[in-house]
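Everything on this sheet refers to the single structure shown next.
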């Protein structure tokens, strides 16, 4: 089973998820998508799996700091472009378990995803 967790290493939720995986003995790889830019195809794959609405973190400081023009009329295409340009707009963490995508962290959901 290939397990990769994507996020930002300074994010508290990502830290909780990584700690949970380690404490549960789950072998995984971590990718900091602020340090390592995401391939647009990968982002599009996540969007296809869970929808852009779930991926785009509209409560983030980054989103709040966008211009009004960027925040208005957000659709799939615009959301993907914004997330590619500003990876901190992606809700985190993103967990990939053999291609099955989970966004956010809840221990009970991770328990089901990795077993």
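No value in this document is a laboratory result; all are computed from the given coordinates. Nothing here was measured: the structure is a model prediction, and the numbers come from that model. Glycine also receives a Cβ, built like all others from the backbone with ideal geometry; neighbour counts cover every protein chain displayed.
For the chain, find the longest principal axis of its Cα atoms and tell me its angle to the long axis of helix 76-85, 0 to 90°, nearest 10. Its long axis makes an angle of about 70 degrees. Given springs between every Cα pair under 10 Å in a Gaussian network model of the chain, which of 13, 59, 102 has the largest fluctuation? The residue with the greatest mean-square fluctuation here is 59. In terms of packing, defined here as the mean over residues of other Cβ atoms within 10 angstrom, the peptides 61-69, 41-49 line up highest first as 41-49, 61-69. For residue 24 and residue 53, the FRET efficiency from 1/(1 + (r/R0)^6), where r spans their Cβ atoms and R0 equals 22 Å, is about 0.15.
The angle between the Cα long axis of helix 12-23 and the main principal axis of the chain comes to about 20°, on a 0 to 90 degree scale. Distance between the C-alpha centres of segment 54-94 and segment 23-40: 20 Å, rounded to the whole angstrom. Hey, what did the chain get for relative contact order, percent, Cα under 8 Å, at least 6 apart? Relative contact order comes out at 38 percent. For a distance above 20 Å, tell me the whole-number percent of Cα pairs in the chain that qualify. Beyond 20 Å sits 38 percent of the P(r) for the chain.
Per-residue extension of 0.36 nm, minus the Cα-Cα distance of residue 37 and residue 69, leaves a gain of 9.1 nm for this segment.
Taking each residue as 0.36 nm, the span from residue 2 to residue 16 lengthens on full extension beyond its C-alpha to C-alpha distance by 3.1 nm.
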